[in-house]
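Visitor: Here it is, the structure in full.
The values are calculated or read from the model by the stated rules, or taken from the named source; none is laboratory data. These figures come from a predicted structure and were not determined experimentally. Glycine gets a Cβ as well: all are built from the backbone with ideal geometry, and neighbour counts include every protein chain shown.
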Amino acid sequence: MILTRKSLPRRTFLKGIGTAVALPLMDAMVPAFAKAQARETPVRMAFVYVPNGIDQRHWNPDWEGPLQALPRTLLPLEPMKSEITLLGNLTHNTGRALLDGAGDHGRCSGSYLTGVQVRKTVVDIQASVSCDQLVADTMTTRLPSLEVGLEDARQAGDCDSGYSCAYTNNLAWRNQTQPLPPVLDPRALFDRLFGADAGLDPEVRAQRIRYRRSILDFIAEDTRALQGDLGPTDRRKLDEYLGSIRDIELQIERAERDNSEVDPGLDKPYGIPQDFAEHFKLMTDMITVAFEADITRVVTFLVTREGTSRAYREIGISDGHHPLTHHRNQVELMDKVAEINRYHVQQFARWVERLHASPEPGGSGSILDNSMIVYGAGLADGNRHTHDDLPTLIAGRAGNFIKPGRRIVYRRETPMCNLFLTMMDRMGRHMEHFGDSTGRITGLDVA
């Protein structure tokens with residue numbers, strides 16, 4: 001890499017043996033004659049999906065307008081209240097049974113970002129291109145999109161009343177028959193973002209992990225050369241950026257040590273933390289770094305798969321999530337569902353706070369200011385399997401496109417795809433129609 005004191009290329013990489021680490025936008029990447037001009041700040045779009053519906057008692061407030069005291073499930077977001085927008089009455093009609101009978105979990109996740117009713121089958125699956133992939137097609141970032149998850153990567157078999165596991169275990173769809181499975185293993189995600197060995201088979205990958213030093217060790221010489229040619233501000237940015245990568249490496253190493261103590265009889269993927277909150281934080285930390293370095297601007301995050309029966313013993317709940325949602329209005333069971341919902345929101349809130357505290361590399365506010373991150377579910381009431389008034393909020397301002405700190409309630413049965421169509425506009429992907437949309441939604445930019 002040849003460096004001068006005049007400028008650095010925007011897509012500068014620090015390179016080592018089998019590694020390439022993209023840098024965030026720094027002053028030295030902008031020629032002196034251009035620094036006075038307005039910089040193009042990227043806008044990011046992400047979808048964070050939680051399964052099995054959400055207890056509406058503690059989600060939907062009974063008011064519109066400026067956000068007041070948040071309901072119990074949303075309380076972890078209280079410090080970030082001015083940065084979120086609650087949306088009411090958005091519906092996915094394509095998640096309903098219509099003529100297909102049982103299988104709401106398979107349908108609701110399969111239709112969530114595609115806007116179509118997926119084919120009921122375990123063999124010849126059929127959905128449609130998801131909105132995130134339509135946006136990804138316009139991206140020039142190193143990774144057009146990133147798919148992340150925390151549980152279950154099965155792509156075959158029957159996961160819900162005749163619906164393929166491909167529907168319950170994926171959010172992103174490249175085309176009608178090709179889902180994009182989420183990355184579950186933090187090590188695999190790290191390799192995909194920052195390393196060059198992500199395509200190796202597991203045995204070779206494991207060998208490299210055993211003998212590989214830190215990526216930052218590989219690029220140490222390049223880093224020293226770069227630091228000598230940067231001003232004080234850029235040196236600080238570089239130190240902070242590389243420090244965040246090092247923190248993630250150390251977290252992964254700790255997780256791997258912890259997993260080495262797990263009874264080998266347990267079916268647990270290598271490198272995945274046992275603790276849900278740690279796993280969530282590790283993955284979102286890497287997404288944050290990917291946003292900072294402009295590695296990607298489009299993310300789907302399947303928190304856990306639709307229909308999951310995962311237990312949350314860390315918060316005192318040993319019952320499976322899915323069975324609990326069929327509570328038959330028993331308050332004790334409903335309260336456990338609400339605790340799980342709140343636990344999920346708590347992890348999301350911590351990520352939102354990190355994004356809010358992460359300055360935009362270009363100097364225009366925070367990463368959150370230039371993001372729109374949808375958090376929601378494909379079912380409203382998990383007991384009755386309802387698909388109207390889906391729990392939905394957006395964190396971020398999307399570069400002053402959204403004025404947050406409000407609750408907006410739309411007309412009943414407003415298609416969720418109207419929101420997605422509007423978000424696609426903001427990302428530069430303009431379409432007349434998407435899924436079952438009937439137009440754009442309004443009011444996001446009106447205080």
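Visitor: What about E253, is it over 30 Å from K336 (Cα atoms) and modelled with pLDDT of 70 or more? Please lay out each step first, then the result.
Guide: Values: over 30 Å from K336 (Cα atoms): yes; modelled with pLDDT of 70 or more: no.
It is false that E253 is over 30 Å from K336 (Cα atoms) and modelled with pLDDT of 70 or more.
Visitor: Here is a check on your reading of the model: is D294 buried (at least 18 other Cβ atoms within 10 Å of the Cβ), at pLDDT 80 or above, in a helix (DSSP H, G or I) and acidic (D, E)? Break it down into steps so the answer makes sense when it comes.
Guide: Numbers: buried (at least 18 other Cβ atoms within 10 Å of the Cβ): yes; at pLDDT 80 or above: yes; in a helix (DSSP H, G or I): no; acidic (D, E): yes.
Taking the combined requirement at face value, the residue does not satisfy it.
Visitor: Tell me which residues, restricted to the range 414-444, are more than 23 Å from the chain's Cα centre (by Cα), among the charged types (D, E, K, R) and either surrounded by fewer than 13 Cβ atoms within 10 Å (Cβ to Cβ) or under 13 Å from M45 (Cβ atoms) (or both).
Guide: Across the range 414-444, the qualifying residue is only E432.
Visitor: How about the range 299-322: which of its residues are in a helix (DSSP H, G or I), of a type in the set (D, E, K, R) and touching a Phe, Trp or Tyr at 6+ places or on another chain (Cβ under 9 Å)?
Guide: Residues of the range 299-322 that are in a helix (DSSP H, G or I), as a first pass: 313-315, 321-322.
So of that shortlist, the ones also of a type in the set (D, E, K, R) come out as 313-314.
Correct list: E314 only.
Visitor: Given the structure, is A102 in the same structural domain as V374 (by TED's automatic domain parsing), in contact (Cβ under 8 Å) with a residue 24 or more places away in the chain, small (G, A, S) and more than 21 Å from V303 (Cβ to Cβ)?
Guide: For A102, the condition - in the same structural domain as V374 (by TED's automatic domain parsing), in contact (Cβ under 8 Å) with a residue 24 or more places away in the chain, small (G, A, S) and more than 21 Å from V303 (Cβ to Cβ) - is met.
Visitor: If you don't mind, another one. Scan the range 410-437 and report the pairs whose first residue is closer than 24 Å to T140 by Cα and whose second residue is surrounded by fewer than 17 Cβ atoms within 10 Å (Cβ to Cβ) and among the aliphatic types (A, V, I, L, M), with Cβ atoms within less than 8 Å and a gap of 6+ or a chain change.
Guide: These pairs meet every condition: L421/M431; M424/M431.
Visitor: Going residue by residue through the range 188-208, is there one that turns out to be exposed (fewer than 15 other Cβ atoms within 10 Å of the Cβ), at pLDDT 80 or above, over 23 Å from the mean Cα position of the chain (by Cα) and small (G, A, S)?
Guide: The answer is no, given that none of the residues of the range 188-208 is exposed (fewer than 15 other Cβ atoms within 10 Å of the Cβ), at pLDDT 80 or above, over 23 Å from the mean Cα position of the chain (by Cα) and small (G, A, S).
Visitor: Moving on. Conditions: (1) crowded, with 22+ Cβ neighbours inside 10 Å; (2) outside the structural domain of G149 (by TED's automatic domain parsing). E306 meets all but one. Number of the miss?
Guide: (2)
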